[in-house]
Amino acid sequence: MTDFDAMREKARQIRLDILEMTTKAGSGHPSSSWSATDIAVALFFGGALRYRPDDPWWAERDRFIMSKGHAAPLLYAVLAHAGYFDRDELWTLREIDSPVQGHPIQGLMPGVEATTGSLGQGLSLGIGHIFGARLNNLDYRVWVLLGDGECEAGQIWEAAMAASHFNCHKLHAILDYNKYQETGPISREMALEPLVEKWRSFGWHVEEANGHDLEDLLAKIELVQMLEPTGQPSIIIAHTIKGKGVSFVEADFTFHGRALKPDQADKAREELNAAR
Amino acid sequence: MQLGEKAGLKPSVPLRDVFGDALLALARENPQVVVLDGDLGNSTKAEKVRFEFPERFFNIGIAESNLVGVGAGLAACDLIPFIVSFSSFLLCNAYDQIRLSIAISNINAKVVGSHGGITLGKDGPTQMGIEDFALVGGFPTFAILVPSDPASMHKAVRAAAEHEGPVFLRSSRIAMPHIYPMDDCPFAIGKASVVRDGGDVAIVGSGMMVAAGLDAAAMLAADGIDARVIDLHTIRPMDVETLVTAARDTGALVCAEEHLLHGGMGSNVARVIAEYHAVPMRFVGLADTYVESADPADLLVKYHLTADDIVTAARAAVDAKR
Ligand SMILES: Cc1ncc(C[n+]2csc(CCOP(=O)(O)OP(=O)(O)O)c2C)c(N)n1
Ligand SMILES: [Mg+2]
């Protein structure tokens, strides 16, 4: 039995950690991290992802590639809560000599699978890991977390085309569809829609989910795994709210790429604590 | 005049064919080797691996960014990817992907830039790789290899696979004559080869300019100038010792490369020589210019990349000693 209450509490704690990390660092991307927190929690704590924190590079582990690398605080917080390293490491984010880098660097911390931060690159790496599984006779899955603005990058569609051509059915993308990029609403900045049809036409199986409903997310995660025998790669388009969990950040996209000021952080902490 | 003729070097087949053979030989020996192609395997000759090991050959298509990313993912799975396309297409289309996924990640991936230099000839400047040393030079974790003949190409491909970390290897369309016996080439990454001894001037060449340097040395000998010729097949890590010894022994250096002078091999050698043992230097390479479509032999003459140009530079360097 999946304990969704425990997962929701995990998500709340991770949101708090993201707040503390970025506030202490005085920079970073809390709103982008909060947007995808429930997605990451569903994967890491819902039983779908196979991993061994005490053997982080276990050859058969499922891969989690954070393609939207600016959500590094989320990645680190999730890995810490999953047991990859001590939570105290989180407070060194962006500090001199700390491996907890502003954007993820492959292998610098256990569980960090890829160097990301220049958007558009993670899906291609995922295909490489799938080819690696085939050549090494291993059976793991690869999960790639994409941003919606990130899908403006041409390389995403190069990879989308190749993944279906090479029948990468163990490759699963999850799209953090929060409808905002850095400078504004995506609908205003770029014609990204129709997104479902785009992915379908590239040969992917597409599911949509409420990206803050852990039950729905896990159901879709399980569904796309069950559909692997069709041979298609899959994407879950998760509808999310950028800044989820902190009302005044949800309401203001210009929080992108900004840490909260101390008084804002106090308010945010209050809201997140009240959500217990 | 045929490249290497004055020096009495034995002609060979195009270097890209040698590369294809070397890659195939490596793939036969090492099951970890995988090849990633950007739809140019017939030109780069990487396709030789496709015919024998289709399961270890991936044509990712005309999508260099994805090509590099897929290769990097394979490297993370302990395979040894050789990512092969034209030097210009890989470095210019996928610079950022190489930077993050290979250079910053410091992973064990090999990038092969084929059709380096201007000697692909008639396809013109959009296809030429005249800035590849400078571009790869921007990645501090990359070793940069530039084989000069068939034996050194075989050795370089093998050395690239054995080297733990990012490697760039330049291949070329033209034929480079035999400088080393096929079974006796002393190639080691970071260790330049002295291919001709001499005490009056040292000619430091990379790629086809090693054979041109040997031709030049033969011509200079007729004038009583005794030139040392160094095959600088590794641009990084640079063999400081061999270069400084040459500067000390001869007192004059000429660097010759099929690349822009700006940011090329010569400018990096000059940095080392200026720091450790400054002597007069002259440079043979491309001045600030692109190069048009034409027969390679005509281009080499027009853009001053011949043995004659090395001779002129060597005389000037020797004169500057006095
Ligand atoms: C190649 C590249 N261009 C620009 C940026 C700067 N940048 C960082 S985050 C971002 C917006 C990303 O939007 P989205 O993918 O929707 O992610 P979100 O923060 O909304 O989750 C931009 C433009 C970048 N990191 N990489
Ligand atoms: Mg977004």
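The values are calculated or read from the model by the stated rules, or taken from the named source; none is laboratory data. None of the values given here were measured: they were computed from a predicted structure. We place every Cβ from the backbone using ideal geometry, glycine too, and count neighbours over all the protein chains shown. These accessible areas exclude ligands, DNA and RNA; they are computed on the full protein's heavy atoms, side chains included. Shrake-Rupley method; radii C 1.70, N 1.55, O 1.52, S 1.80 Å.
The table for this structure:
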| read-out | value |
| --- | --- |
| Filtered residues of region A:218-275 (kept if more than 18 Å from the chain's Cα centre (by Cα), among the polar types (S, T, N, Q) and within 16 Å of ligand 2 (Cβ to nearest atom)) | A:Thr254 |
| Selected residue [more than 19 Å from the chain's Cα centre (by Cα) and modelled with pLDDT of 95 or more] from A:Pro56, A:Pro73, A:Pro30, A:Pro99 | A:Pro99 |
| Residue within region A:226-236 that is touching a helix residue (DSSP H, G or I) at 6+ places or on another chain (Cβ under 8 Å) and in a loop (DSSP other than H, G, I, E, B) present | yes |
| Strands (runs of 3 or more DSSP E) within region B:152-271 that include 3 or more residues of a type outside the set (Val, Ile, Thr) | B:167-170, B:227-231, B:253-260 |
| Per-region count, region A:242-271, residues within 16 Å of ligand 1 (Cβ to nearest atom), open to solvent by 50 Å² or more (accessible area, probe 1.4 Å) and within 27 Å of A:Trp91 (Cβ to Cβ) | 5 |
| Evaluation of A:Asn136 against (1) within 16 Å of ligand 2 (Cβ to nearest atom); (2) open to solvent by 30 Å² or more (accessible area, probe 1.4 Å); (3) in contact (Cβ under 8 Å) with a residue 60 or more places away in the chain (one fails), failing number | (1) |
| Within region A:139-155, considering residues that are at the interface with chain B (Cβ under 9 Å from one of its Cβ atoms) and crowded, with 24+ Cβ neighbours inside 10 Å, the one farthest from ligand 2 (Cβ to nearest atom) | A:Val142 |
| Spans of helices (runs of 4 or more DSSP H) in region B:30-116 with at least 1 residues more than 9 Å from chain A (Cβ to nearest Cβ) and crowded, with 24+ Cβ neighbours inside 10 Å | B:41-44, B:47-52, B:87-93 |
| Residues (buried (at least 24 other Cβ atoms within 10 Å of the Cβ) and charged (D, E, K, R)) located in region B:233-274 | B:Glu257, B:Glu258 |
| Identity of the residue in region B:121-151, open to solvent by less than 10 Å² (accessible area, probe 1.4 Å) and more than 23 Å from B:Lys191 (Cα to Cα), that ends up farthest from the chain's Cα centre (by Cα) | B:Gly124 |
| Among (1) part of a loop (DSSP other than H, G, I, E, B); (2) of a type outside the set (A, V, I, L, M, F, W, C); (3) surrounded by 21 or more Cβ atoms within 10 Å (Cβ to Cβ) - the single one B:Gly285 does not satisfy | (1) |
| Of residues in region A:159-184 being open to solvent by less than 50 Å² (accessible area, probe 1.4 Å) and within 9 Å of another protein chain (Cβ to nearest Cβ), the one nearest to B:Ala94 (Cα to Cα) | A:Ala159 |
| Any hit, region A:54-68, residues being surrounded by 20 or more Cβ atoms within 10 Å (Cβ to Cβ), assigned to a helix (DSSP H, G or I), within 16 Å of ligand 1 (Cβ to nearest atom) and among the hydrophobic types (A, V, I, L, M, F, W, C) | no |
| Which listed residue, of A:Ile127, A:Ile105, is away from ligand 1 (no atom under 14 Å from the Cβ), crowded, with 20+ Cβ neighbours inside 10 Å, over 21 Å from A:Glu158 (Cα atoms) and at the interface with another protein chain (Cβ under 7 Å from one of its Cβ atoms) | A:Ile105 |
| Residue selected from region A:185-217 under the condition more than 14 Å from ligand 2 (Cβ to nearest atom), open to solvent by 60 Å² or more (accessible area, probe 1.4 Å) and not in a helix (DSSP H, G or I), by the criterion nearest to A:Glu152 (Cα to Cα) | A:Ala191 |
| Any pair with Cβ under 6 angstrom, 6 or more apart, that starts in region A:105-125 at a residue that is within 15 Å of B:Cys77 (Cα to Cα) and free of Cβ contacts under 8 Å to residues at least 12 places away in the same chain and ends at one that is open to solvent by 20 Å² or more (accessible area, probe 1.4 Å) and among the basic types (Lys, Arg) | none |
| Test: residue in region B:4-21 that is within 13 Å of chain A (Cβ to nearest Cβ), closer than 23 Å to B:Ser148 by Cα and either part of a loop (DSSP other than H, G, I, E, B) or open to solvent by less than 10 Å² (accessible area, probe 1.4 Å) (or both) | no |
| For A:Glu189: the one exception among (1) more than 15 Å from B:Ala72 (Cα to Cα); (2) away from ligand 1 (no atom under 14 Å from the Cβ); (3) not hydroxyl-bearing (Ser, Thr, Tyr) | (2) |
